[in-house]
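Chemist: Got a structure for you, written out below as structure tokens; questions coming shortly.
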């Protein structure tokens, strides 16, 4: 009798466990590049699977989708992009993949900046390099995951608000850090024009030989003009970018006497521990830029 009773209890427990397991939902997400993929992972936690089309240490401007990416997209529940023209290939990829779900633009609500590239005015897509904008990204990701998986809404809200608080703290720290540095010292040279939103948010002037894309070619005239400006304004530091060819910026550094300040991560996370999350990459960038100005 006791054996039968135990068997009934075990069976009921097993049914309950199986039912709970069936209710647990994992949202299969695809993000366009590594920075955005990390934001999705930080908000989504154990209730998301995240695939980044463009992985760590990879240049978003040099990406071309493959048939494998089409299959990945087809199997997704939600797709996240940064927007502002960064993923000019996404519409074609969505069509080719047969994906029918939502494409969430994580930068929605951010005020855009303009930039000049090869003489043409265009929208600057590098919005995430301002942490104030990163907070908008995280908020949009949180709201999209809640819509995709309402039964885990409280989980996403708890993680999302905790992550937003972390990013807010980083943003305030960056503001205080650069406010403590004289304006005339807040000028640096980088490989390409990826820090416009960062510069506007924290009062730093960035000079770069290349424009919007790391694949664009800097004209001889522009390089000569930069060298003249760097010498005149006594800009003494240049930075390389993780995913960009460092040869041109090194040549300008040699011509002006500017010294190498280190490696920045404006468009891709790294496998290395100092920049393997969005928060760490931002903290790293602020720290080494500010340290060269003090």
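The values are calculated or read from the model by the stated rules, or taken from the named source; none is laboratory data. On a predicted model such as this, the values are computed, not experimentally measured, just so you know. Here Cβ is always computed from backbone atoms with ideal geometry, including for glycine, and neighbour counts include all displayed protein chains.
Chemist: For the stretch 84-123, list the strands (runs of 3 or more DSSP E) that sit wholly inside it and hold at least 2 residues that are under 16 Å from the mean Cα position of the chain (by Cα), over 19 Å from residue 67 (Cβ atoms) and touching a residue at least 12 places away in the same chain (Cβ under 8 Å); which are they?
Modeler: Here the list reads 102-105.
Chemist: Of the residues 140, 172, only one is within 15 Å of the chain's Cα centre (by Cα) and surrounded by fewer than 23 Cβ atoms within 10 Å (Cβ to Cβ); which?
Modeler: 140
Chemist: Filter the stretch 50-74 for residues that are over 18 Å from residue 269 (Cβ atoms) and touching a helix residue (DSSP H, G or I) at 6+ places or on another chain (Cβ under 9 Å) and give the result.
Modeler: 65, 67, 69, 70, 71, 72, 73, 74
Chemist: Same structure again: Which condition breaks for residue 266 when tested against (1) within 18 Å of the chain's Cα centre (by Cα); (2) surrounded by fewer than 19 Cβ atoms within 10 Å (Cβ to Cβ)?
Modeler: It fails just one condition, (2).
Chemist: Within the stretch 261-278, track down each residue that is in contact with a helix residue (DSSP H, G or I) (Cβ under 6 Å, 6 or more places away or on another chain) and either assigned to a helix (DSSP H, G or I) or not assigned by TED's automatic domain parsing to the domain that holds residue 201 (or both).
Modeler: 274, 275, 278 - these are the residues of the stretch 261-278 that are in contact with a helix residue (DSSP H, G or I) (Cβ under 6 Å, 6 or more places away or on another chain) and either assigned to a helix (DSSP H, G or I) or not assigned by TED's automatic domain parsing to the domain that holds residue 201 (or both).
To keep it simple, each residue is scored yes or no on (1) over 30 Å from residue 193 (Cα atoms); (2) modelled with pLDDT of 95 or more.
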{"residue": "2", "(1), (2)": "yes, no"}
{"residue": "22", "(1), (2)": "yes, no"}
{"residue": "51", "(1), (2)": "no, yes"}
{"residue": "67", "(1), (2)": "yes, yes"}
{"residue": "71", "(1), (2)": "yes, yes"}
{"residue": "104", "(1), (2)": "no, yes"}
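Chemist: Yes or no: the stretch 129-136 includes at least one residue that is outside the structural domain of residue 223 (by TED's automatic domain parsing), part of a loop (DSSP other than H, G, I, E, B) and in contact (Cβ under 8 Å) with a residue 12 or more places away in the chain.
Modeler: Yes, that holds for at least one residue.
Chemist: While we're on this one: Just the residues that are in contact (Cβ under 8 Å) with a residue 12 or more places away in the chain and exposed (fewer than 15 other Cβ atoms within 10 Å of the Cβ), please, taken from the stretch 48-80.
Modeler: 55, 62, 64, 71, 75
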